[in-house]
Amino acid sequence: MRTICIVIPVYNEEENLPVLHERLVKALSDVKDLDYRILLVDDHSSDATPEVIRKLAAGDPRVETIRLSRNSGSHVACVAGIDHGDADMLMIMAADLQDPPELIPEMVRRHAEGWQIVWAVREQREGESFFTLAASQVFYWLMNRISDVKFAPKGADFLLADRRVVKAFRQMPERNISVFAAFAWLGFKQVSVPYVKKSRHAGVSKWSVAKKIKLAIDSFVGFSYLPLRFISVLGVCSATAGLLWAMEVLVSRLLGFTWTSGFASIMMAILIMGGLQLVMLGVLGEYLWRVLEESRRRPRYFVENAFSAHEHPGSERK
Ligand code: UDP
Ligand code: MG
């Protein structure tokens with residue numbers, strides 16, 4: 001009998017969880033020789049999510065949960081789930097039903113064929129704004145260009161990973177980790193299954209623009225040194241341009257042309273160079289700050305409580 005653990009980060013999803021559970025059970029009960037458990041990682045929800053989870057766990061022994069001590073973001077919640085999910089296969093999916101549970105049997109089948117990471121790759125995304133889609137396309141295009149990570153062009157955040165892959169993932173202790181970039185980077189035998197990403201079943205997206213920018217920077221800084229290389233190249237280019245300009249000024253002076261550049265051109269040079277230097281400092285800072293985070297060696301998350309109702313109904317596990 002194969003086992004699968006479905007890790008689901010959950011943050012204020014009270015309305016989605018019962019439907020999600022029902023659809024998961026329906027989709028998974030048809031798969032032969034498969035023992036599954038659903039690990040809901042409550043990312044410190046502030047709505048009725050904990051009670052909803054308790055109810056689900058009371059009625060279904062396959063539902064387990066851990067609750068994080070603070071809202072840590074869905075990637076950290078995934079890391080917590082990965083640390084706690086022990087099975088032949090591990091799945092990561094969202095709680096808002098954007099990722100259809102009905103796709104899981106197909107992904108399990110691909111795993112049985114020998115694939116170690118099975119990505120569900122969105123062919124289409126419904127209910128997303130033009131801006132989100134455009135930003136996402138630029139992000140994945142850039143990632144594929146400048147980092148060690150190769151993603152599907154439209155991105156992916158719904159996957160199944162083999163036990164060996166999970167073991168490898170657990171050896172990466174980075175604090176600001178982009179979970180999906182890390183899986184893509186790990187290698188192994190990877191395959192994709194296409195699907196249509198639906199719009200949210202209920203509630204609103206918990207990802208603010210600021211969080212998305214942070215994730216994008218985590219992904220670049222985590223898997224590419226090109227931003228740093230870019231700084232050096234830009235420095236060389238602007239120094240060369242400055243030198244050429246200086247020579248032009250000198251030569252025209254020696255040849256007797258009077259050429260006064262004036263206030264405007266000085267201001268332009270100062271503003272452009274000043275701005276560039278600040279941006280470069282910012283890029284350095286992004287790397288440096290992450291080094292500091294690593295050196296602090298704080299745990300990535302703390303578990304507030306954990307339980308599976310079938311072991312001790314209503315009570316907590318260590
Ligand atoms: N999520 C989380 N912690 C957060 C934000 C989101 O665990 O701080 C969960 C959320 O409940 C959902 C998944 O991560 O299951 C994806 O989040 P969401 O649907 O809000 O993101 P989007 O689909 O808009 O990228
Ligand atoms: Mg979503």
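In the distance distribution for the chain, Cα-Cα pairs more than 29 Å apart total 46 percent. Per atom type, the range 1-146 shows carbon and sulfur on 53% of its accessible surface, probed at 1.4 Å. Round to the nearest 10 and give me the degree value, 0 to 90, for the angle of helix 262-296's Cα axis relative to the longest principal axis of the chain. Taking Cα atoms only, the helix is inclined about 30 degrees. Equivalent-ellipsoid semi-axes for the range 157-203 (Cα gyration tensor, √(5λ), whole Å, largest first): 24, 16, 9. Solvent-accessible area per residue in the range 194-304 equals 72 Å², computed with a 1.4 angstrom probe and all protein chains kept. For the chain, modelled as a GNM whose springs connect Cα atoms under 10 angstrom apart, the maximal fluctuation among 117, 177, 213 occurs at 213. Pick from 267, 93, 280: which residue has the top mean-square fluctuation in a GNM of the chain where Cα pairs under 10 Å get a spring? Top of the fluctuation ranking is 267.
Note the angle between two axes, namely the Cα long axis of helix 226-254 and the longest principal axis of the Cα atoms of the chain, as a number of degrees from 0 to 90, rounded to the nearest 10. Roughly 10 degrees, rounded to the nearest 10. Packing order of peptides 147-153, 215-221, 82-88, 296-302, highest average first: 215-221, 82-88, 147-153, 296-302 (average count of other Cβ atoms within 10 Å over each peptide's residues). With the convex hull of its Cα atoms as the shape, the range 1-123 has an orientation-averaged projected area of 7.4 nm². Among 103-113, 245-255, the peptide with the highest mean count of other Cβ atoms within 10 Å heads the list, and the full ranking is 103-113, 245-255.
Under a model in which nothing but the beta-carbon of Lys, Arg (+1) and Asp, Glu (-1) is charged, the chain shows a dipole of about 760 debye around its Cα centre. For residue 141, the accessible area of its heavy atoms, probed at 1.4 Å with every protein chain present, is near 140 square angstrom. Among beta bridges identified by DSSP and lying wholly in the chain, the antiparallel ones come to about 35 percent. GNM on the chain, alpha-carbon springs under 10 angstrom: the most fluctuating residue among 165, 233, 179 is 233. Averaging the Cα positions of each part gives two centres, and for the range 1-44 and the range 102-125 these lie 16 Å apart. Stretching the chain fully between residue 148 and residue 287 yields a gain of 48.4 nm (0.36 nm per residue, less the alpha carbon separation). Treating the angle as unsigned and between 0 and 90°, give the value, to the nearest 10°, between the Cα long axis of helix 130-146 and the longest Cα principal axis of the chain. Value to nearest ten degrees: 70. Given 120, 69, 98, which one lies farthest toward the positive end of the charge dipole of the range 49-139, if we put +1 on the Cβ of every Lys and Arg and -1 on the Cβ of every Asp and Glu? In the range 49-139, that residue is 69.
The values are calculated or read from the model by the stated rules, or taken from the named source; none is laboratory data. Note that the coordinates shown come from a computational prediction; the quantities given were computed from them, not determined experimentally. Ideal geometry is used to build each Cβ from the backbone, glycine not excepted, and the neighbour counts take in all protein chains shown. These accessible areas exclude ligands, DNA and RNA; they are computed on the full protein's heavy atoms, side chains included. Shrake-Rupley method; radii C 1.70, N 1.55, O 1.52, S 1.80 Å.
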